[in-house]
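Everything on this sheet refers to the single structure shown next.
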Amino acid sequence: MLKNIFFGLLIFSGSLLFAAEPLYNVPDAPAEYAEMTNAFTSQKDLEIGKKYYQKECADCHGESGEGDADDKSVVAFTNSAWMNTRSDGQLFYIAAEGAGEDSDMEAYGPWSEMGYSEKRVWQMISYIRTLIK
């Protein structure tokens, strides 16, 4: 009995340690991004955002934003627990600047090789927000 209790506590404490690690390895946005809001949220913006999401993001993040079952480092946009802790400005920063040197996700902002306008990146963020479950 004591052995079973010890084993249960060991599993529980191990799961707490595992849960404390960040879910995804994406950069934190500088403070000035946290308060940014998305002005491109109309139906037309969502349609354009969806088009570019499907073109640029769906291969890794999934058609419905479910992430990649084989690569847990890919953000699942359907993960409301994670997505609701990120402001639109933080998502904009990640999309515009890329997800860091430890990631395959490239930058899409105007200063990047992709060269998308800020408006286009915001439109993609608008669509990504519709994927949250």
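Throughout, read-outs are computed from the coordinates displayed, never taken from laboratory work. All values derive from a computational prediction rather than experimental measurement. FYI the Cβ positions are ideal-geometry reconstructions off the backbone, even for glycines, and counts take in every protein chain you see.
In what order do 126, 112 fall by count of nearby beta-carbon atoms within 10 Å, going from fewest to most? Don't skip to the answer; put the middle values down first.
Working: 126 24, 112 15.
With the sparsest Cβ surroundings first, the list reads 112, 126.
When only Cα pairs under 8 Å and 6 or more residues apart are kept, what is the percent relative contact order across region 32-129?
Working: 129 pairs, mean separation 36.4, N = 98.
Averaging sequence separation for qualifying contacts and normalising by length gives 37 percent for region 32-129.
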Selection of GluC sites (Glu not before Pro), region 19-101, meeting DSSP coil and at most 15 other Cβ within 10 Å: 35, 63, 66, 101
In region 61-131, chymotrypsin sites (Phe, Trp or Tyr not before Pro) in a DSSP loop with at most 11 other beta-carbon atoms within 10 Å: 111
Amide H contacts of residue 68 (H built 1.01 Å from N, under 5 Å, at least 5 apart or other chain): 74
Estimated vicinal HN-Hα couplings, Hz - region 49-55 in sequence order (Karplus 6.51, -1.76, 1.60; Gly, Pro = x): x, 5, 4, 6, 4, 4, 6
Computed over region 32-129, Cα set: Rg, Dmax in Å: 12.5, 35
